Amino acid sequence: MTVRMDNVGIVVEDLSAAITFFRVLGLELEGQTVVEGEWAGRVTGLGNQRVEIAMMRTPDGHGRLELSRFLEPPIVADHRNAPVNALGYLRVMFAVEDLDETLGRLREHGGELVSTEVVRYEDAYRLCYVRGPEGILIGLAQEIG
């Protein structure tokens with residue numbers, strides 16, 4: 001049996017700011033559209049829905065991130081500022097070539113370190129968590145050596 005992850009979804013209020021943040025990270029906008037109707041609601045269990053989505057793709061083409069802004073039905077919960085030990089979805093981790101340079105670019109677009117420093121894991125990785133627009137939590141990892 002073959003399994004391949006297609007995408008990870010994140011619900012946002014400001015789709016434009018989220019697209020910009022992930023473009024600055026290095027993802028490419030694959031497409032943007034509105035998904036609506038009864039058929040979509042059958043997939044999600046939300047009934048009749050209207051959602052503006054943007055599909056972002058990693059430059060290597062192997063990873064995709066779906067950003068969604070719900071127009072109908074309204075948002076019912078907000079987990080954006082949950083601590084990193086909260087149950088459920090936590091973050092998406094991205095491997096980057098130059099963590100310091102990437103952090104510099106993200107900071108210009110509202111990215112903030114969750115901790116006060118980038119941490120080294122043995123002689124393998126430099127790691128950090130970053131909160132972006134709307135509190136979106138991502139991880140960054142730079143392989144050492």
Over the alpha-carbon set of the stretch 92-143, divide Rg by the Kirkwood Rh and report the Rg/Rh ratio to two decimals. 0.94
Which of GLU28, GLU97 has the fewest Cβ neighbours within 10 Å, and the rest in rising order: GLU97, GLU28
Modelled FRET efficiency - R0 35 Å, ASN48 with HIS109, Cβ distances, 0.05 increments: 0.55
Would you order MET56, MET5 from fewest to most other beta-carbon atoms within 10 Å of each residue's own beta-carbon? MET5, MET56
From the Cα centre of the stretch 1-16 to that of the stretch 60-101, the distance in Å is 8
Please list 3J(HN,Hα) in residue order for the stretch 137-145, calculated via the Karplus relation 6.51 cos²θ - 1.76 cosθ + 1.60 where θ = phi - 60°; whole Hz, with x for glycine and proline. 9, 10, x, 10, 9, 10, 5, 9, x
Cα-based Rg (one decimal) and Dmax (whole number) for the chain, in Å? 16.3, 52
Fewest Cβ neighbours within 10 Å first, please rank LEU46, LEU140 accordingly. LEU46, LEU140
Say each of MET93 and ALA40 gets a label point 7 Å from the Cα, pointing the same way as Cα to Cβ; how far apart are those two points in nm? 3.3
Rounded to one decimal in Å, the inverse mean reciprocal Cα-Cα distance for the stretch 8-72, i.e. its Kirkwood radius, is 12.2
Gaussian network model of the chain, springs between alpha carbon atoms under 10 Å - residue of GLU66, GLU30, GLU52 with greatest fluctuation: GLU30
Tell me which residues come under 5 Å, amide H to amide H, from GLY63 once H is placed; ignore anything under 5 positions away on its chain. THR58
With each run of n ≥ 4 DSSP H residues scored as -39500 (n - 2.57), what mean residue ellipticity at 222 nm is computed for the chain after dividing by its residue count and rounding to the nearest 500 deg cm²/dmol? -5500 deg cm²/dmol
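Values in this text are rule-based calculations from the coordinates and carry no lab data. Bear in mind the structure is a predicted one, so any value in this text is a computation, not a measurement. Ideal geometry is used to build each Cβ from the backbone, glycine not excepted, and the neighbour counts take in all protein chains shown.
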